[in-house]
Amino acid sequence: MADEPAEQTDEQPQDTSAVAEQSAAEDAVSEAPAEEQVPESSVEEPVAAEPATDEPVAEEQTAEGPVAEESVADEPVADESGSGEPIAEEPVAEQDEEGIEEEPAPRVKPSVPGAHLEVDIVPEGVDPLAPEQPVDPYAIEEYEEAQPEEEEQEDRDELVQPIATAAIDLAAGARYRATGKRKTAIARVILRPGTGTYLVNGRALEEHFPRMTLQRNIRQPLETVGYEERMDVVARLHGGGISAQAGALRHGISRALLEADPNLRGELKRRGFLTRDSRAKERKKAGLKKARKRPQFSKR
């Protein structure tokens, strides 16, 4: 009797340790996530382990991808037909670091000798070996946009045509007086109704002014107005020469027509008949031969 209780006490510790181990295993299984829990059937039945040779190869391929590719690229690829001969690799275009293919350089056309030289065309009648003439910076450039010949002809015709708006009183006792000047010549003019005769210092126009150019200039004012055959001119001239007296006489006749009809000012002025020509000869200076001419200079 005394030995039995001792045996029971010896067996109790063994049972408690087994129970503790079983409870710890259950707690670990319950704490693991649902995905990692393995069914009881798989836990109880032993699963055949896969060959250890496959797993490390797969890990190396995934972890070291570039190394695996290099090893595969270095190995010759066998033909699919089974002959065992390696297939020639196709040339691959060079790529930059970003993977963009480099475009081939454009083909350069060979240069033609002498293409950079300018063509030198010599006009006909010009000496290419003649020395170049210096450019005059003070030269006056020609007016390029000159009026066409037709417009110039129209202007001339308009100036030649008589003034149609002239209205001069030609009564029997009408007298129109004026004074004209040119250089040092003075002309006192009287216009009166008549047949178109000119009396200059008691002589006819052709006797006092034998030059046709001067006669034409003197007749211009009356021809412009249209009264060259209906009015006489009586003038007294003194001073100046023949050319100056002719200019003074034309100026006096124009002013007398303005006295007869003030409305003729615009047309007569546009034609230049009322403009006083103030040009005159420059006086002689002391020590000079003329106004500007000097005697010859002699150093010795």
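The values are calculated or read from the model by the stated rules, or taken from the named source; none is laboratory data. The structure displayed is predicted, hence computed values, not measured ones. Every residue, glycine among them, receives a Cβ derived from its backbone with ideal geometry; neighbour counts consider all protein chains shown.
Numbers at a glance
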| read-out | value |
| --- | --- |
| Check on R300, over 29 Å from I168 (Cβ atoms), within 52 Å of the chain's Cα centre (by Cα) and among the charged types (D, E, K, R) | no |
| Within the range 241-300, tally of residues that are over 22 Å from Y227 (Cα atoms) and of a type in the set (K, R) | 13 |
| Residue satisfying all of: in the range 202-220; in a loop (DSSP other than H, G, I, E, B), within 13 Å of A246 (Cβ to Cβ) and not aromatic (F, W, Y); nearest to the chain's Cα centre (by Cα) among these | R211 |
| In the range 230-249, residue nearest to the chain's Cα centre (by Cα) [restricted to those that are part of a helix (DSSP H, G or I) and surrounded by fewer than 24 Cβ atoms within 10 Å (Cβ to Cβ)] | G247 |
| Pairs where the first residue, in the range 200-219, is closer than 17 Å to I253 by Cβ and modelled with pLDDT under 95 and the second is among the basic types (K, R) and assigned to a strand (DSSP E or B), C-beta under 9 Å, 6+ apart | none |
| First in the range 94-121 and surrounded by fewer than 10 Cβ atoms within 10 Å (Cβ to Cβ), second anywhere and modelled with pLDDT under 70, Cβ under 7 Å, 6 or more apart | E102/E94; E102/D96 |
| Selected residue (criterion: surrounded by the most Cβ atoms within 10 Å (Cβ to Cβ)) from residues of the range 122-148 that are modelled with pLDDT of 75 or more and either of a type in the set (V, I, T) or in a helix (DSSP H, G or I) (or both) | V122 |
